[in-house]
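Computed from the coordinates by the stated procedures, all read-outs in this text should not be read as laboratory data. Since we're looking at a predicted model, the values are computed, not measured. So basically every Cβ, Gly included, is an ideal-geometry build from the backbone, and we count neighbours across all protein chains shown.
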Amino acid sequence: MHALYMVLIDPFVQMVSAPDLFVQTIWEGLVAGVLYALIALGFVLIFKASGVFNFAQGMMVVFAGLTLIAFQDMGLPAIAALAASLAVMYLLALSIERVVLRPLVNQPDIILFMATFGITYILIGFGEMIFGGEPREVNTKAFFLPQGSFEIPILGGFVQIQKIDVAAAVIAALMIAALGFFFQKTRIGRALRAVADSHKAALSVGISLNQIWVIVWFAAGIVALVAGIMWGARSNVSFALQVVALKALPVLILGGFTSIPGAIIGGLIIGVGEKLGEFYWGPLMGGGIESWLAYFIALGFLLFRPQGLFGDKIIERI
Amino acid sequence: MFYREAGQFKTTYPSDMAIFPIAQDRIGIGIILAMAFIFIPLFASDFIMSSVMIPFLVFSLAAIGLNILTGYTGLISLGTGAFMGVGAYACYKLMTIFPGVNIIVWIVTAGFFSAAVGILFGIPSLRIKGFYLAVATLAAQFFLQWCFVRIPWLYNYNASGAIEVGTRTLFGIPIVGPNATPEARYYVLLCIVVVLTWIASNLVHGRIGRSWMAVRDMDIAAELMGIKLLDTKLLAFAVSSFYAGVAGACMMFLWYGGGEASDAFNINQSFLILFMVIIGGLGSLIGSFFGAAFISILPTILKFGLPAIGVPLSGATAEHLIHITVGGLIIFFLIVEPHGLARLWQIGKQKLRMWPFPY
């Protein structure tokens, strides 16, 4: 009886008795969710356009972040470092398309998935060789990112908000808007959507698959770079981030592999659910439940919608 | 020339259905078994035994398990590492609760515990498919890994959280623990692997294996043909986790000899075994062995082989180079032969049949 009370009722009593803490937890969840969503966004872009489940996305975030930091350390001004990192990401996209994707065209999905594992390994090896294994910090001042925090009085208490988190949310929103514009209004965006719909049909109207893949991997690289900067500004960039990137996977299955809004909303749901679960129910189970809670939340949703919240409806034929 | 079936007539149905229908194949498998049982223990050094052969056998077992699930039934799982962990912890608990019973019994029994957990986490597979399922199995990986750390009962409330392996004997010879020689451990492991491979081979060639493959090729069609999807998929999960569990118990007791178990069964282990299955060849038992050999021996070769041929390497650089080389080789093999090393083996056999007159 007592155990049931502790699990089912006590957390809610706590929520009501300290509403400001509740709001603070939700805010932190939203912030974590934005970062998960940024990583998931890169996955979705690539999965939509090429059907590749890109396991390397998390590593690309680390790699992009470390590249930027390395360029800054060489004394380049922020804009030049940014441009140089973008160039590196473009080269990466180009070489992945040339070396990995082109020879593997038309192979089963699982083979391409495996190939992105190979890419991950290579990126880890190269990254550690060039940048070293230690965590590095992004120079936030150079990017005019605000620092410090402010407090909002709310419900008889106050909520502390880091300025950098607000900036992250704004930048994420801007980037999603930009991506939406790019997909809906530009020529290349239309080509991307065509490829996402059907490779064969796109080929038959003269869209170059190879070109589209380079573009889409480059777009994922840009998203990775932004995610790397935002993450680096909050704490620091290290190879351990790769594990955090695994959190983007439940976000993906929750939102659906092919949906950009799904990635965003999935990210927010996972972020908030995870923080609430950890804060209110975690102590009952000995803590650290963050590591698997996200997967169970996603599983719960999946049992009702096997294609994710916003994924394309699965139609099966014989 | 010498490898061909001309003149070997099959006069009964059983001989037509035999796993090794050609006499040369039967001789070949006999030679391989003789090598494994006699020559390797005779001539290999302790180092090769304990850091090449034993890991290879453990990984082969795990790879066979995952191959049954992913290669034969078409369900991608990223939780193999955790299922191996269940086997290791189950074996540890059984061993400490019933110290009188032989350890080999517990290593095999541990597989059943792992199978039960596998069935539990396999239930979503009925509704979720493809990569969605792969990510869903990560739930098993992270949840079980969390259990290994947070439930102290599993490691007998040790302060260090490590599994302690005492000496256990078979016919008076220590096979587990600090006093066991690599030869003894190797023999026990080899026997387990041979028996389980034989069982797996019979499973996949029989009715059960056919229903697995039907589900893999198209599950709706299989259902229409009267195959119960729930039973078939859960059986695949159970058998696969059984193999993984036995492999995990073997890994902890016959290879590592105890230690920090929660760390040994992390997500990288799951990925590594998936590599083995795919590099080796999906839906091929011999491929599991090839894949396990490739992935488990490659780092050892790079680590000790490169300095031996005069390429000097510092520890850190070696680590990085191994990462790059493994990654590069994975991509290379996928491009050259997406159907895995088992397919190369098949092509080789075909060439051998034609040789020396390929027309």
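Brief remarks follow.
- Unique match (being away from chain B (no Cβ under 14 Å), crowded, with 24+ Cβ neighbours inside 10 Å, closer than 22 Å to A:Val243 by Cα and not basic (Lys, Arg)) among A:Gly33, A:Gly58: A:Gly33
- All positions within the range B:28-75 that are farther than 27 Å from B:Tyr3 by Cβ and either out of contact with any helix residue (DSSP H, G or I) (no Cβ under 9 Å at 6 or more places or on another chain) or not in a helix (DSSP H, G or I) (or both): B:Leu42, B:Ala44, B:Ser45, B:Thr73, B:Gly74, B:Leu75
- Scanning the range A:154-164 for any residue that is in a helix (DSSP H, G or I) and closer than 26 Å to A:Gly33 by Cα turns up at least one such residue.
- Among all positions in the range B:203-211, there is at least one residue which is over 30 Å from B:Arg150 (Cβ atoms) and crowded, with 21+ Cβ neighbours inside 10 Å.
- Count of residues meeting criterion [away from chain B (no Cβ under 12 Å) and among the hydroxyl-bearing types (Ser, Thr, Tyr)] in the range A:271-295: 1
- The range A:85-112, residues that are surrounded by fewer than 17 Cβ atoms within 10 Å (Cβ to Cβ), assigned to a helix (DSSP H, G or I) and more than 9 Å from chain B (Cβ to nearest Cβ): A:Ala87, A:Tyr90, A:Leu91, A:Leu94, A:Ser95, A:Arg98, A:Arg102
- Test for B:Ala115: is it more than 14 Å from every other protein chain (Cβ to nearest Cβ) and either among the small types (Gly, Ala, Ser) or not in a helix (DSSP H, G or I) (or both): yes
- Qualifying residue in the range B:100-112 (condition: of a type in the set (Phe, Trp, Tyr), surrounded by fewer than 24 Cβ atoms within 10 Å (Cβ to Cβ) and outside any helix (DSSP H, G or I)): no
- Those residues of the range B:75-114 which are among the small types (Gly, Ala, Ser) and under 19 Å from B:Phe289 (Cα atoms), in sequence order: B:Ser77, B:Gly81
- Those helices (runs of 4 or more DSSP H) lying entirely in the range B:202-266 with at least 2 residues away from chain A (no Cβ under 14 Å): B:207-217, B:229-250, B:261-264
- For first residues located in the range A:23-35 and touching a residue at least 24 places away in the same chain (Cβ under 8 Å), partners that are polar (S, T, N, Q) and not in a helix (DSSP H, G or I) and lie 6+ apart or on another chain with Cβ distances below 9 Å form the pairs A:Gln24/A:Gln160; A:Trp27/A:Gln160; A:Val31/A:Gln162.
- Selected residue (only one of A:Gly228, A:Gly300, A:Gly282 is assigned to a helix (DSSP H, G or I), touching a residue at least 60 places away in the same chain (Cβ under 8 Å) and among the small types (Gly, Ala, Ser)): A:Gly228
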